[in-house]
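Chemist: What follows is a single structure, and I will ask about it in a moment.
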Amino acid sequence: MGKKIDTVTVEVLRNLLMSISEETFGIIVRSAYSTNMKERRDVCTAVIDPDGNSVAQVESLAVLLGSMLGVVPKIYEKFGRENIKPGDMFIANDPYHGGGNHLPDIVIAAPAFAGEKLIGWIANIAHHSDIGGKVPGSTSGDADSLFQEGIRIPVIRIRSAGVLEQSVMDLLLDNTRVPQEREGDLTAQISANLIGVERLQEAYARYGDTLIDCMTELVDYSERRVRAVVAELPDGVYSYTDYVDGCGDKYPDPLPIHVSVTVEGNNLTFDFTGTADQIKAPINVPYPCTQAAVFFAVKALMGDDIPANEGINRAVTLIAPKGCIVNPTEPSPVGAQIDCEQRIPDAIFGALAPIFPDTIVTAGNGACTTTILAGDGAIGTDSVFIFHEVIAGGGGASKHQDGLSGVQVNMTNTSNMPIEATEMEFTKILARKYELKTDTGGAGEMRGGLGIERELEILQDNVLYTGLGDRHKFHPWGLEGGLPGGTGAFYRISAEDGSVTQMGHKTTSLPLKKGDVIRVITPGAGGYGDPHKRPAEKVLRDVIEGKVSVEAAKDQYGVVIGRRGVSYFVDESATGARGQK
Amino acid sequence: MAYMIGVDVGGTFTDFSVFEHESGELFHYKDSSTPADPSKAIIQGVLAVLAMKKAKADSVSYLAHGTTVGTNALIEKKGAKLGLITTKGFKDLMEIGNQRRPSLYNLQAQKPFPLVPSGLNCTVTERIRYDGTVDTPLDEEETRQVVRYLKEQQVVAIAVCTLFSFVNPVHELRIEEIIREEFPEAYVTISSKLVPEFREYSRMSTTVLNSYLGPVMKKYVNNFRNSVEGIGIQVEPYVTQSNGSIISIKETVDCPIKTAVSGPSAGVIAAAYIGKQCQADKIITFDMGGTSADISLIENYTPQVSNERTVEGYPARIPMINIITIGAGGGSIAKIDDGGALKVGPKSAGATPGPACYMRGGENPCVTDANIVLGKLNQKKILGGRMDVDLELAKKAIQTKICDKSDLNLQQAANGIITVVNSNMVRAIRSVSVEKGYDVREFSLMAFGGAGPLHACEVAKELGMKEVLIPPHPGTLCSLGLLLADTKFDLSRTMVLDGVAENVPEIASQFESMTAQGNGLLDKEGVPQERRRFEYFLDMRYQRQNFEICIPVPAGEMTAAVLEQVLESFHAEHKRSYGYCKKDAVVQIVNYRVSAIGIIDKPDLKPEALRPETNLPDPIAYRQVLFQGQEYYVKTPVYRREDFVPGQSIPGPCICEQMDTTLVVPAGWVIHVDGYHNLKIHDEEK
């Protein structure tokens, strides 16, 4: 379609389009109200071409990509391209109808016009802390239908001809437990789009139709990059099955995520046939999210510098049978889908490990371990507080290095909220502990990253706790003889009697009393290579740093660590010859 | 006779700017750097300057330098062995950081190297709450044990950072006392003293960085003072800080982090000064060298300061001139990637092997090679004739690495390299201007550094900027800046208050006590009363937001009316930055900032008379040059900068060579020489 643009101009305009996405991202993060956006940066922004292909996306977190990819085509389908007018802006959150991963992710997209001509779109998506539904924070571990997960917004206008649709805003604010926060966040999203549209118009004024042709070329370029890598891979079918922990008593484990990856010339096919059927519990992964997960794995393995756009999707074929857990039918619940979606890159990495020996990493914490605390207590003009935090875990090890400890993996990469920021805003929460958890990193020549232990004390009665996670049962796997990493766990330490109770990985709205402590342990990551090949001095360093216990050093690595006063040393004679376990 | 000397220590050269008060003469001197002990080159150079002027050491009335000691210790990971003491339950905060992995897609990306060695991140039982109340008292005996352990482990420095110490420092102060009792020789940094602001990871990381650098800096400072005294200089030397000011060298021992990344800040100070000479109150500075380019924005002759940046992967909450550095310089390497795209940088060929044309074995085409092929740079000798270059090697590198892998011919490829590197500059300039709500077209682009003037006009054109400014000596702006800085202490505190009239007394009392603190620091610097100036700022946000905007507060009494005025500025600034404001929403005040400034005498340069009737100088040569967006080389006159006379106007296209840089002026642009020998280059195309 577009005429061929020279490589130099493409690079110049790629810079320009990325700077537009980054600017709008910055506006949301710095001016939003809810911790999800302002501290955790659970936000993604993009420039989209007039045909609806995403062209330039910020590399904030991968999970939100899916929704950015699908929104504009949905708008065209519903309203007709010819009916989109300058000053319009669209909003959606329904994962089955152009929205995000789950209902709290609200996407807002704005067309940009030069005169009468549609020159592209500016879109952003952000995680809102509450949009109604059966539990505060909207995401539960036990919803059996989408209708319990909050208000559904099909693609509709939030602005028409430059004027805010106040009735739409009123409806949304009436359907959240924290309207002041919601309004602040939506305002930030809308304002960011307005500025993005202005920037795109300026770019068009400068470059004219070359800008649009260039968008096409950028997408083609990403596709070419992926195909160039695939062409070099050995043809064949590579399969792997990983497992999700299940979802409460009704849906016990194991729930297999199976993928067969076919490499044939420069074509790459991901087939999820054989994956568990959809369930009436909120871990179904809507199709756009499955697409996003494949997108992530492809970009991470084939070239992290390939521009993140629709071209990557075009370079692959995705088969996910309708009705399976990675392509559920409406209205299957999807609130906690991320825990299941995280398993998709794990399965793909497992399948492709043999042909990416140098870059592959072992399974990381593979979850999106979420803590939601909700209770009475005014913040601003909102009468309740909803605290939402995601806690990182271990990162995968590779042939060349240990895994990172205390990091987000795969589809998510949100920041933590500083403890001091948390407690200044949520004065009834007190952090007691936030440290790496000894022995959660899988043993290996290269050790897996460690998970985190976090304890939060609740300082008032009647606080509802929701804890969502995964890999509480199925360990993160290792490679080449590396041992699996530690699993996650949730505990409640009772204020009354000090008793410690383990809770499920989909605990929903558990009432807490003043003085109760929630202890969250996140999964670690698998090790890479034979632990007995890890140099003794590295094991010693792990023990000194508290990453590996003296017992595990002996049992898993075959290294005996002695102690003199406060100092540790390798007991050479007791360690002896390692290697035979 | 009294001499002011500013010294900028670079990787290769140490630059000196010298001003003599009575004659009003400003001159520059350059010597090779001595990386092993940078003070050597400084002393040698000062002696050389004095010898040239037949002056005695006691005629030096002022000596300031920018030190790279901290920066180098960080880059080479040669800081002090240090221990950390924090709250029990939180020993891994430095490793966890913000819990984000460094790259979303690169599975191999690593976290920054650990500053606190294994097992030396210690905790003590204690806890303060958000409101300053003590939740768990400090276990003093345990603290004593921890300090003894660190002493036994032979640390030389300790960083202390406990939760909520910025609200109530009582535990940190007690820990400090215990360290003094048990381990008096340790270098200690206390977070609530260094940076009493909220967000524990940023505060801790700043504290740790400071302790990491402290002992190294202490040693350097002692050496340097001795050497300076040794040659008979009577004045206390100054050092630049990252906020663009100078402090006496003894003060840097307590806060070395404030000097750690001060490198380019002096250049920005000089740019603001030259902006004043040119009556340009809106400037983007563009300092392009061999491996990187530094970009910043100056409004009303005041550089913009940001309160946090990343230092070697760690957040540092220290006021710094807001400078964006990108990996794009003369040595940046161009390549065609797998998808057929032309990329330039961030990889650099450095000084060795350097660009292909340097004849040092480099085979990769660099930005400098492209400039030589295009005729923008001298095709035989650069650096004022001091360095030979080989045009054929430049052509060969571009031919084999770019043309053979794409459908570009040599001209297109060379032009393409410049276009791409310029687009990187454009992106960086947009991020400090357009993205902050400034209309970049209202700004002048001040170019300096060895490569800035080569690219400036074409970058300006791309952004719609109408004026480019080139100072007389673009290579020595940093050392010049050292003659132009004031002393400045930036103080900050966190206390969240609603921005309402009832809180005016509390705000006033915060400012009052901080002013007293600032006066104490200026007393120590020996700044007389009449040379003191205070600036006040409030970091504000709408209730529920978490990022603050720093708003200047007028000096004088804090009243409800003044607060109202500050709130108005906040709404306006919010609107400019984010596109909206909410005038009826509650505004919170989060941080209080006071800058205590001691004004220092500066060179008083006088303009020369303009002589517009003087005949244009004769070009020293003509060269075939291919300008951006052109298809053919054009015969272009080459001038020597020294031949320009104040008041002259020289039309483009032309090239202007001088020792430290080469200026490229496309057709349609005209150079105007002002009385200070600054070049103002205007886009006069219709």
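Chemist: Can you tell me which of A:VAL543, A:VAL560 is buried (at least 21 other Cβ atoms within 10 Å of the Cβ) and either away from chain B (no Cβ under 14 Å) or more than 20 Å from A:LEU479 (Cα to Cα) (or both)?
Modeler: After ruling out the rest, the residue left standing is A:VAL543.
Chemist: Please note which helices (runs of 4 or more DSSP H) are completely contained in the stretch B:387-485 and include at least 3 residues that are within 14 Å of another protein chain (Cβ to nearest Cβ) and either over 22 Å from B:VAL344 (Cβ atoms) or at pLDDT below 95 (or both).
Modeler: B:410-432, B:452-463
Chemist: Return only the number of the condition from (1) in contact with a Lys or Arg (Cβ under 9 Å, 6 or more places away or on another chain); (2) surrounded by fewer than 24 Cβ atoms within 10 Å (Cβ to Cβ); (3) polar (S, T, N, Q) that B:SER433 does not satisfy.
Modeler: (1)
Chemist: In this structure, is A:ALA56 crowded, with 23+ Cβ neighbours inside 10 Å, part of a strand (DSSP E or B) and touching a Lys or Arg at 6+ places or on another chain (Cβ under 8 Å)?
Modeler: Yes; evaluated as a whole, the condition is true for this residue.
Chemist: In the stretch A:397-408, which residues are at the interface with chain B (Cβ under 7 Å from one of its Cβ atoms) and within 19 Å of the chain's Cα centre (by Cα)?
Modeler: Hits for the stretch A:397-408 are A:LEU404, A:SER405, A:GLY406, A:VAL407, A:GLN408.
Chemist: If you take just the helices (runs of 4 or more DSSP H) that sit entirely in the stretch B:94-208, which of them hold at least 3 residues that are farther than 30 Å from A:ILE306 by Cβ and over 25 Å from the mean Cα position of the chain (by Cα)?
Modeler: Answer list for the stretch B:94-208: B:140-152, B:170-182.
Chemist: Among (1) touching a Ser or Thr at 6+ places or on another chain (Cβ under 9 Å); (2) within 14 Å of chain A (Cβ to nearest Cβ); (3) of a type outside the set (S, T, N, Q), which single condition is B:VAL208 missing?
Modeler: Only one criterion in (1) touching a Ser or Thr at 6+ places or on another chain (Cβ under 9 Å); (2) within 14 Å of chain A (Cβ to nearest Cβ); (3) of a type outside the set (S, T, N, Q) is unmet by B:VAL208, namely (2).
Chemist: Looking at (1) out of contact with any Phe, Trp or Tyr (no Cβ under 6 Å at 6 or more places or on another chain); (2) surrounded by 21 or more Cβ atoms within 10 Å (Cβ to Cβ); (3) within 7 Å of another protein chain (Cβ to nearest Cβ), which is the only condition B:LYS111 fails?
Modeler: (2)
Chemist: Another question about this same structure. Please work out if A:VAL197 is within 14 Å of chain B (Cβ to nearest Cβ), part of a helix (DSSP H, G or I) and farther than 21 Å from A:THR45 by Cβ.
Modeler: Judged against the criteria, A:VAL197 is not a match.
Chemist: Still on this structure: Please work out if A:GLU445 is at pLDDT 95 or above and within 14 Å of chain B (Cβ to nearest Cβ).
Modeler: For A:GLU445, the condition - at pLDDT 95 or above and within 14 Å of chain B (Cβ to nearest Cβ) - is not met.
Chemist: Now, a different point. Just wondering, is there one or more residues in the stretch A:62-83 that are at the interface with chain B (Cβ under 8 Å from one of its Cβ atoms) and either over 30 Å from B:LYS335 (Cα atoms) or buried (at least 21 other Cβ atoms within 10 Å of the Cβ) (or both)?
Modeler: yes
Chemist: With respect to B:THR240, determine if the residue is out of contact with any Pro (no Cβ under 6 Å at 6 or more places or on another chain) and modelled with pLDDT of 90 or more.
Modeler: no
Chemist: Go through (1) outside any helix (DSSP H, G or I); (2) more than 14 Å from chain B (Cβ to nearest Cβ); (3) acidic (Asp, Glu) and name the single condition A:ASP339 misses.
Modeler: All conditions pass for A:ASP339, except number (1).
Chemist: I've got another one for you. Residues of the stretch A:279-307 being assigned to a helix (DSSP H, G or I), within 14 Å of chain B (Cβ to nearest Cβ) and not small (Gly, Ala, Ser), which ones?
Modeler: A:VAL294, A:PHE295, A:PHE296, A:VAL298, A:LYS299, A:LEU301, A:MET302
Chemist: Of all residues being away from every other protein chain (no Cβ under 14 Å) and polar (S, T, N, Q) in the stretch B:544-568, which is surrounded by the fewest Cβ atoms within 10 Å (Cβ to Cβ)? Just the residue, please.
Modeler: Step by step, filter the stretch B:544-568, then rank; the result is B:THR559.
Chemist: Just the residues that are touching a residue at least 60 places away in the same chain (Cβ under 8 Å) and either surrounded by fewer than 17 Cβ atoms within 10 Å (Cβ to Cβ) or farther than 23 Å from A:ARG206 by Cα (or both), please, taken from the stretch A:110-124.
Modeler: Within the stretch A:110-124, just A:ASN124 meets the criteria.
Chemist: Out of curiosity, is B:LYS347 out of contact with any Pro (no Cβ under 8 Å at 6 or more places or on another chain) and buried (at least 17 other Cβ atoms within 10 Å of the Cβ)?
Modeler: No, not satisfied.
Chemist: Which residue, of A:ASN101, A:ASN36, is buried (at least 24 other Cβ atoms within 10 Å of the Cβ), closer than 20 Å to A:ASP339 by Cβ and within 13 Å of chain B (Cβ to nearest Cβ)?
Modeler: Only one candidate qualifies: A:ASN36.
Chemist: Specify the residue that is nearest to A:THR362 (Cα to Cα); the eligible residues are those in the stretch A:409-431 that are more than 8 Å from every other protein chain (Cβ to nearest Cβ) and either among the β-branched types (Val, Ile, Thr) or buried (at least 22 other Cβ atoms within 10 Å of the Cβ) (or both).
Modeler: Filtering the stretch A:409-431 for residues that are more than 8 Å from every other protein chain (Cβ to nearest Cβ) and either among the β-branched types (Val, Ile, Thr) or buried (at least 22 other Cβ atoms within 10 Å of the Cβ) (or both), the one nearest to A:THR362 (Cα to Cα) comes out as A:ASN410.
Chemist: All but one of (1) surrounded by fewer than 22 Cβ atoms within 10 Å (Cβ to Cβ); (2) away from every other protein chain (no Cβ under 13 Å); (3) assigned to a strand (DSSP E or B) hold for B:LEU47, so report the exception by its number.
Modeler: That leaves (3) as the condition not met.
Chemist: Within the bounds of the stretch B:576-596, is there any residue that is hydrophobic (A, V, I, L, M, F, W, C), within 27 Å of B:GLY481 (Cβ to Cβ) and under 32 Å from the mean Cα position of the chain (by Cα)?
Modeler: Yes, the stretch B:576-596 contains at least one residue that is hydrophobic (A, V, I, L, M, F, W, C), within 27 Å of B:GLY481 (Cβ to Cβ) and under 32 Å from the mean Cα position of the chain (by Cα).
Chemist: Hey, another quick one. Select from the stretch A:200-219 the residues that are acidic (Asp, Glu), within 10 Å of chain B (Cβ to nearest Cβ) and surrounded by fewer than 20 Cβ atoms within 10 Å (Cβ to Cβ) and list them in ascending order.
Modeler: Selection gives A:GLU202 alone.
Chemist: I want to confirm something. Restricting to the stretch A:1-31 and keeping residues that are modelled with pLDDT under 80 and over 22 Å from B:LYS335 (Cβ atoms), which single residue is farthest from the other protein chains (Cβ to nearest Cβ)?
Modeler: The extreme case among them is A:MET1.
Chemist: I've got another one for you. Just to be sure I understand, how many residues within the stretch A:39-53 are in a loop (DSSP other than H, G, I, E, B) and more than 10 Å from every other protein chain (Cβ to nearest Cβ)?
Modeler: 6
Chemist: Check the stretch B:634-647 and report whether any residue there is among the hydrophobic types (A, V, I, L, M, F, W, C) and part of a strand (DSSP E or B).
Modeler: Scanning the stretch B:634-647, I find at least one residue that is among the hydrophobic types (A, V, I, L, M, F, W, C) and part of a strand (DSSP E or B), so the answer is yes.
Chemist: Consider the stretch A:59-100. How many of its residues are on the phi > 0 side of the Ramachandran plot, without any contact (Cβ under 8 Å) to a residue 60 or more places away in the chain and touching a Lys or Arg at 6+ places or on another chain (Cβ under 9 Å)?
Modeler: The number of residues fulfilling the criteria is 1.
Chemist: Follow-up. Could you please find all residues in the stretch B:596-622 being of a type in the set (A, V, I, L, M, F, W, C) and within 27 Å of B:SER23 (Cβ to Cβ)?
Modeler: Those that are of a type in the set (A, V, I, L, M, F, W, C) and within 27 Å of B:SER23 (Cβ to Cβ): B:ILE599, B:ILE600, B:LEU605, B:ALA609, B:LEU610.
Chemist: Under 6 Å between Cβ atoms, which residue pairs at least 6 apart in sequence (or on different chains) link something in the stretch B:124-143 that is more than 14 Å from chain A (Cβ to nearest Cβ) with a partner that is among the hydroxyl-bearing types (Ser, Thr, Tyr)?
Modeler: Note: pairs meeting the criteria are B:VAL124/B:THR143; B:ASP139/B:THR125.
The values are calculated or read from the model by the stated rules, or taken from the named source; none is laboratory data. From a predicted model like this one, the values you see are computed outputs, not experimental measurements. Ideal geometry is used to build each Cβ from the backbone, glycine not excepted, and the neighbour counts take in all protein chains shown.
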